[in-house]
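Worksheet: one structure, shown below.
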Amino acid sequence: MKRSLLWLRHDLRIDDHPALLRAAQARDHMVCLYCIDPRWFVADNWQSRRVGHHPWRFIHESLVALSARLETLGQRLVIRVGDPVAVVTQLMRNHWIDKLVCSAPFGEEERGQYLAIQNALGHHRCEVLQAQTLFEYQQLPFELSDLPATFSQFRKAVAKHAFRPLYPAPQRLPPPLQLDSQALPPPFTVPNLQYQGGESAGKAHLAHYFASDAPQSYKLTRNDLDEWSSSTKLSPWLAQGCLSARQVMAALDHYQATVEKNGSTEWIGVELLWREYFYWFALSSGPKLFAAGGRTGVRRHVSFYPERFARWCAGETPFAIVNAAMRQLNHTGFLSNRLRQLVASALVHELEIDWRYGAAYFQQQLIDHDLPCNWGNWQYLAGVGADPRGGRRFDLAKQTEMYDPDGRYRARWQGEPVAITEPLDEAGWPQPDG
Ligand SMILES: Cc1cc2nc3c(=O)[nH]c(=O)nc-3n(C[C@H](O)[C@H](O)[C@H](O)COP(=O)(O)OP(=O)(O)OC[C@H]3O[C@@H](n4cnc5c(N)ncnc54)[C@H](O)[C@@H]3O)c2cc1C
């Protein structure tokens, strides 16, 4: 291989990056490409954009950091705006690049793009390596078509299996080709110092978390609504691949071997396995990840009420806890797992809206948006995914009493129940249009 092109997507790091190491074997030149699809910023069928202001701010910072790190290795990041299939195939053809290398895609659209490029260029010129998961595909003890139907079966099946190896960072990379790079669209939100994008910020946060006592009480605190140290807060860096799940698991193993191992530390590993499960779930579901009936094909009676949806997004529902959470989400781009469950349950079970509108809104807002985790969790809550109990409906009054008994969280995010003045249907909601 004389010239390689590394197509970066959700793997914005240098360490533990098998695709980057493979592309670095090029004898003459290497191109490091990040492609921005203009369609990310346009509302889709579910009325939300693929990438909203909060996640874009985080991605932007991650790209700036990656670009600087690549320069220390004699490389540079090329940014192109356009349809990734056209951008990649044209670069490969126009610059006589032998090999495209990328991390294995898990989402249906990205997989489709990769296959289209492979069709255009030929199989021998395209190679994928596994960077986002704990296991490589070949290490799974079952065929993907036999993926266990529930998480507990999955956890049991993989329990005794070793994870993929960790890969070292390269010392040097082949020189870049002299290609034009386009400007990054600017971020539209102010920096959030707690969640700063980039590999070194992610590593610093990982080191800080595992230098604290917080892992020892994780299982007791992980359901808190809004405390910084109640959970790892690693998800934004994992979502953009500034850190790999394998690196986080290695840090956890080290902590357990050298500091303490208890039920809480072990539970962090269980949550990382949930992430793993949703990745393989997404891959095996294909387009069903986005179908109303989800993986199960069971169609719930749902509809789309524009008024209800707009109020849910804005935090103007009759449920104070939901309103506070949606205000936090809109303001910061982050929500704790418990609050994600509550607002999702409200959308699906109280407002009876098609779950995909909620999932798409989360996709637009969350700084840690991660396709398999988001859409898999929404399916689970809506009862069309991997939940053996067939969906989760949370009693919002009880949950509020349990997790926000003194109203501190609602007060912090000004969550007031909003009275509705328009004519109501029997469920207490404005009459749907038409
Ligand atoms: C409706 C809904 C949508 C969600 N959307 C996303 C999303 O877009 N991106 C995302 O990373 N997570 C998503 N989650 C899962 C979970 O809420 C977040 O991973 C978690 O809140 C992130 O905070 P943390 O890093 O402190 O998690 P921790 O509690 O510290 O967990 C450690 C890591 O384990 C993984 N993890 C934890 N819980 C889950 C879970 N339920 N499913 C899958 N992986 C998990 C994450 O990678 C997380 O960073 C969603 C959950 C729900 C209910």
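Brief remarks on what is shown
- For segment 1-131, the Kirkwood radius over C-alpha pairs fed into Stokes-Einstein at 4 °C and 1.567 mPa s yields D = 85 µm² per second.
- For the chain, excluding the exposed loop sites themselves (GluC sites (Glu not before Pro), DSSP loop, at most 15 other Cβ atoms within 10 Å), the longest remaining stretch covers 261-425.
- Neighbour counting of Cβ atoms within 10 Å sorts the residues Val85, Val270, fewest neighbours leading, into Val270, Val85.
- Dipole magnitude (debye, nearest 20) for segment 306-412, charges at Cβ of Lys, Arg, Asp, Glu: 140
- Alpha-carbon centroids, segment 1-56 and segment 266-287: separation in whole Å: 22
- Dipole size of segment 209-261 about its Cα centre, with +1 on Lys/Arg Cβ and -1 on Asp/Glu Cβ: approximately 200 debye, rounded to the nearest 20.
- Extended-chain gain in nm, criterion 0.36 nm per residue less alpha-carbon gap, Ala211 and Asp180: 6.9 nm
- Dividing the radius of gyration of the alpha carbons in the chain by their Kirkwood radius gives 0.97 for Rg/Rh.
- Sparsely packed chymotrypsin sites (Phe, Trp or Tyr not before Pro) within segment 158-227, loop by DSSP, other Cβ within 10 Å at most 15: Phe188
- Top positive-direction residue, dipole computed over the chain with Cβ charges, set Pro176, Val81, Pro318: Pro176
- Helix axis angle, 245-258 relative to the chain longest principal axis, alpha carbon, degrees: 80
- On the beta carbon distance between Lys160 and Val42, with R0 = 56 Å, the FRET formula returns roughly 0.75.
- Maximal additional length on extending the Ser200-Ala86 stretch stands at 37.9 nm, based on 0.36 nm per residue less the C-alpha distance.
- Extension gain from Leu193 to Asp98, taking 0.36 nm per residue of separation minus the Cα-Cα distance: 30.1 nm
- Lysines with Cα under 19 Å of Lys2, excluding same-chain neighbours fewer than 8 positions away: Lys99
- Modelled FRET efficiency - R0 35 Å, Gln118 with Arg408, Cβ distances, 0.05 increments: 0.05
- When only alpha carbons are used to place a centre, segment 187-242 and segment 106-120 end up 32 Å from one another.
- Assigned charges on the beta-carbon of Lys, Arg, Asp, Glu; the chain dipole about Cα centre (debye): 1080
- The average projected area of segment 1-50, computed from the convex hull of its Cα atoms over all directions, is 4.5 nm².
- Against the empirical 2.2 N^0.38 Å (N residues), segment 306-412 has a Cα radius of gyration ratio of 0.99.
- Here Lys219 is the anchor, and the lysines within straight C-alpha reach of less than 22 Å, apart from those fewer than 8 places off in the same chain, are Lys156, Lys233, Lys261, Lys398.
- Ranking His124, Ala250, Leu329 by how far each Cα lies toward the positive end of the dipole of the chain (charges on Cβ) leaves His124 at the top.
- When each of Phe362, Phe304, Phe290 is scored by the number of other beta-carbon atoms lying within 10 Å, the sequence from fewest to most is Phe304, Phe290, Phe362.
- Per-residue Cβ neighbour counts within 10 Å put Cys102, Cys32, Cys242 in the sequence Cys32, Cys102, Cys242, beginning with the fewest.
- Adding -39500 (n - 2.57) for every DSSP H run of four residues or longer, then dividing by how many residues the chain holds, sets the calculated 222 nm ellipticity at -13000 deg cm²/dmol.
- Take the Cβ atoms of Phe304 and His53, set R0 to 25 Å, and the FRET efficiency comes out at 0.55.
Each value in this text was obtained by applying a stated rule to the coordinates, not by laboratory testing. Nothing here was measured: the structure is a model prediction, and the numbers come from that model. Cβ sites come from the backbone with ideal geometry, for glycine too, and all protein chains shown count toward neighbours.
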